[in-house]
Structures are given as structure tokens and as C-alpha cells.
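First up is the structure itself, then whatever we jot down about it.
The values are calculated or read from the model by the stated rules, or taken from the named source; none is laboratory data. In this text, all values refer to a predicted model and were calculated from it rather than measured experimentally. Quick reminder, even Gly has a Cβ in these numbers, built from the backbone with ideal geometry, and neighbours come from all protein chains shown. Each accessible area value is taken on the protein alone, full model and side chains, heavy atoms only, with ligands, DNA and RNA left out. Shrake-Rupley method; radii C 1.70, N 1.55, O 1.52, S 1.80 Å.
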Amino acid sequence: MRKYPKIRWMMILFCFFAIAINYIDRINLAIAAPHIKKDLGLDDTSMGLILGAFFWTYALMQIPAGRIIDRLGTRIGLAVAVGWWSLFTVFTAFGRGFTSLFISRLLLGVGESGGNPGCAKVVACWFAKKERATASGIFDAGPRAGSALALPLVAWLISTWDWETSFVVTGALGLVWVVIWLMFYRDPEEKQGLDETERQNLLEDRKMVISSPDEKIKLRTLFRHRTVWGMMIGFFCMNFATYFFVTWFPTYLTMSQGFSLKELGTLGAIPALMGIPGSLLGGLTSDWLYNKGFSLTAARKTCLIAGMLLSSVIAFAAFTSSITLILTLFSLTYAGLAFTAANIWTLPADVAPGSGYVATLGGIQNFSGNLAGIVTASFTGVMLSISHGSFVVPLVVAGGICLFGAITFMFIMGKVEPLDLGGGDPQSPQPVARPGSTY
């Protein structure tokens with residue numbers, strides 16, 4: 001059995017912590033919002049605009065951020081992204097009105113847009129195809145860990161000190177990460193102290209074409225491929241349900257099920273916690289299937305489809321009043337979404353025609369996925385207004401869109417193989433990376 005550098009697992013743990021911090025910084029405003037409104041005298045409309053500002057720049061900057069990271073390289077590109085969003089998390093503490101807070105959140109979204117595409121590039125750089133899903137599952141457990149940790153951490157900081165301190169502390173976590181990352185991280189071609197046999201095994205089995213830093217990325221060429229559209233539509237479907245948890249799930253538990261704040265912070269955290277093993281299992285299962293002889297397409301699609309089918313059980317929560325059953329259904333949904341996400345984040349590396357396209361493809365699919373955040377939040381709000389607070393339609397629609405996501409991955413997305421940018425049939429297996437080349 002060919003061996004690879006053991007340090008690759010440390011590289012992906014860096015990504016796990018980066019994305020966990022990403023979600024803590026993303027969610028802390030929602031937790032601090034009541035205190036900010038009271039302290040600064042903001043009304044609900046102003047606070048809603050501030051809360052929503054992040055999503056617009058986060059979605060719109062996905063493709064530019066992916067392209068920038070592909071140009072700058074993994075080490076510098078991811079450091080810039082984490083450093084940027086961490087600084088504007090800290091700057092939020094100094095906001096003294098609508099304008100300053102709104103701008104801080106817009107700029108936070110710009111930085112956070114580089115997080116997932118950058119981590120997808122680390123996976124492509126440090127992992128062979130047979131381990132990519134496992135690695136993606138590890139870093140994609142970061143959002144679940146960050147979501148579960150944000151509520152107790154930020155609540156404690158606010159209750160012990162004040163809301164300003166919560167932003168300074170959580171922003172500082174990212175800045176510390178950047179310092180350690182820059183000191184430690186190098187691409188495998190440049191990392192000193194590696195066993196040379198293990199290094200060459202990795203470079204050969206990674207099976208990626210090394211793109212020239214000056215190579216022009218033609219976005220229009222990427223959009224000619226049904227696989228790219230399948231990635232985008234499937235990610236949108238997955239995130240339609242995911243963003244229900246981020247936006248309306250706490251309101252559902254308190255308004256529809258009568259949860260207290262204490263129950264919200266304990267029982268309400270169970271679905272997010274279930275996402276952590278779901279993400280890890282999704283990656284491990286996909287790689288296990290591939291290593292057992294399944295084609296890459298079969299291994300990835302089996303897990304993508306299975307995860308989306310499991311997630312569709314969210315619809316049944318609309319037809320029961322049992323808290324135990326409701327939390328069970330939501331936990332299965334979150335686990336299914338995480339199971340799917342671990343495989344979605346392998347796709348940029350699996351289908352990229354060269355190393356210079358990985359973060360770009362990650363940005364393209366994440367752009368589409370985050371449009372779902374805007375749609376979910378708005379659609380659910382409209383349905384609640386029309387139905388006088390009933391969550392039946394939003395939950396049933398979310399379940400139906402999960403089923404459509406499974407159909408998308410089955411029929412719309414093509415083979416999981418490197419794209420042919422020449423416009424013909426998908427390329428045959430790509431030449432292996434050249435020793436000494438730069439990722």
C-alpha cells in the first residue's frame with residue numbers, strides 16, 4: 001500500500017478550524033443582535049438589513065474569491081481570506097450605528113467567501129483521489145462544530161463582558177490561525193522534512209494537471225458542462241434546507257414548538273451536532289466505495305443521492321407535534337445534508353481540468369448554493385405571513401427540493417471526471433503532477 005505524508009491530516013485540520021471560526025464569526029451577530037439593538041437604538045428593520053448584508057457579498061464574491069485563490073496559491077490565498085474576515089469581525093465591535101455595522105458585515109462576507117474554495121484547494125493539493133472525500137468530510141465538519149460552539153461561546157462572552165468583546169475575541173481567533181498557518185503551511189512540493197518516497201507517491205496519485213500561474217481561466221468554458229450545472233443546482237437544493245437551520249430554525253422551535261431560551265441552546269443544538277458525524281461518515285463512505293472498486297462517479301453520486309434522500313425527511317416534521325420525533329427528523333435531515341456536503345466539496349478537485357481551476361469551481365458551486373440562503377429566508381418569511389405562522393409549507397417545500405437535489409445529482413450532473421475545456425468529450429485521465437511544480 002502506497003504511503004503519503006502523515007502531515008496531510010494536519011493540513012486538513014487547519015481547514016476544519018478555519019471553517020469552524022468562519023461560522024462562529026458568521027453567527028455571532030445573530031446572537032448579539034438583541035444587545036446591539038438595545039445599546040445602539042436600532043429598530044428591527046435596520047437590524048434585519050445588517051443581518052442580511054453578509055449574504056449578498058458572500059454569494060456575489062464566491063467566483064472572484066475562487067479565482068483569486070487560484071492565482072495567489074493555497075497558502076497566501078487562504079491566509080488573506082481568513083485574515084480579511086477576522087479583521088472585519090473585530091471592526092464590528094467598534095460599530096456605533098447602522099452604517100458602520102452594515103459596512104462591516106458586507107466586508108465580512110467578502111472575506112468569508114474565500115473560506116470553502118480555499119479549503120477545497122487544500123484537499124486537491126494534499127490528498128489523492130481515494131482520500132479526497134474523507135478529507136472534505138473533515139473540513140466540512142467545521143460548519144457544524146462552529147454552529148454548535150457559537151451559541152454558548154458568544155453568549156458567555158456577552159454575559160461576562162459585553163457584545164463588543166464577543167466580536168474582538170472571535171475575530172482574534174482567526175488572526176491567531178493566520179499566523180500559525182503562514183508559519184506552518186507549504187504545498188507538498190515545497191514542504192521541507194517530507195519523506196521523498198511519500199511525497200512522490202502523493203504527487204503521482206493526486207492526478208492533477210499543474211496549471212500555469214499565468215493561465216487565463218475562461219469561465220464561459222466551464223459553464224458549457226452539464227457537470228458544472230449539476231454541481232450548482234444540487235448545491236442550491238442542499239443549501240435550501242441547510243439555510244432553514246441557519247435562518248428560521250430557532251424561530252420555529254420557539255414560536256411553533258414553545259422552546260425556552262435554555263431549551264433552544266441545549267435541545268436545539270442536537271441537529272447541528274449530528275451534522276459532525278454525518279459529514280465524517282459521508283467522506284469515509286465515498287472513499288470506501290471508490291477503494292472497493294466503484295468508479296469515482298458511482299462512489300460520489302451514491303453518497304450525494306443518499307444524503308439528499310435522507311434530508312428529505314424534513315417534510316415529515318410538518319405533520320407531528322412530538323418534540324422527540326421532530327428533533328429526530330431534524331437530526332436526520334442535518335446529518336443527511338452534511339453527508340452530502342462532504343461529497344459536494346470533493347467535486348471541485350475531482351472535475352477540475354487543472355490545479356488552477358479548483359478554487360474557481362468551488363466558488364462557482366458555492367455561489368449557487370448561497371443564493372439558496374437568500375431564497376430560503378425570504379420564502380419562509382412570506383409563507384409565515386400568508387399562513388399566520390404555519391411552518392407546514394416551508395418544511396414540505398424544503399423536503400421536496402431535497403428530493404429534486406437527489407434527481408439532479410442522478411440525472412443532470414454528468415460523470416465525475418476532469419472537464420474538457422476544449423469543448424469535446426470529457427478528457428481521458430489527466431497527466432500526473434510534475435515533481436517540483438507549484439500548486
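Inspect all residues belonging to the range 159-171 and state whether any of them is within 21 Å of the chain's Cα centre (by Cα) and modelled with pLDDT of 95 or more.
Within the range 159-171 (the criterion being within 21 Å of the chain's Cα centre (by Cα) and modelled with pLDDT of 95 or more), the answer is yes, since at least one residue qualifies.
Output the qualifying pairs, or none if there are none: Cβ atoms under 7 angstrom, residues six or more apart or on different chains, first residue in the range 155-168 and free of Cβ contacts under 8 Å to residues at least 40 places away in the same chain, second residue part of a helix (DSSP H, G or I).
Every condition considered, the pairs that remain are L157/T165; L157/S166; L157/V169.
Exactly one of (1) surrounded by fewer than 20 Cβ atoms within 10 Å (Cβ to Cβ); (2) closer than 27 Å to A338 by Cα is unmet by G137. Its number?
(1)
Filter the range 172-207 down to residues that are within 27 Å of the chain's Cα centre (by Cα) and among the β-branched types (V, I, T) and give me whichever is surrounded by the most Cβ atoms within 10 Å (Cβ to Cβ).
That would be V178.
So the check is Cβ under 8 Å with 6+ separation or different chains; which pairs have a first residue in the range 9-20 that's over 16 Å from K121 (Cβ atoms) and a second one that's crowded, with 20+ Cβ neighbours inside 10 Å and modelled with pLDDT under 95?
F17/G142; A20/G142; A20/P143; A20/A145; A20/G146
Looking at the range 140-162, which of the residues that are over 19 Å from I21 (Cα atoms) and among the hydroxyl-bearing types (S, T, Y) is least open to solvent (accessible area, probe 1.4 Å)?
T160
What's the total number of residues in the range 181-199 that are in a helix (DSSP H, G or I) and without any contact (Cβ under 8 Å) to a residue 60 or more places away in the chain?
The total comes to 2.
If you take the residues in the range 292-313 that are touching a residue at least 40 places away in the same chain (Cβ under 8 Å) and either touching a strand residue (DSSP E or B) at 6+ places or on another chain (Cβ under 9 Å) or of a type in the set (V, I, T) (or both), which one is nearest to V397 (Cα to Cα)?
Within the range 292-313, the match that is nearest to V397 (Cα to Cα) is V313.
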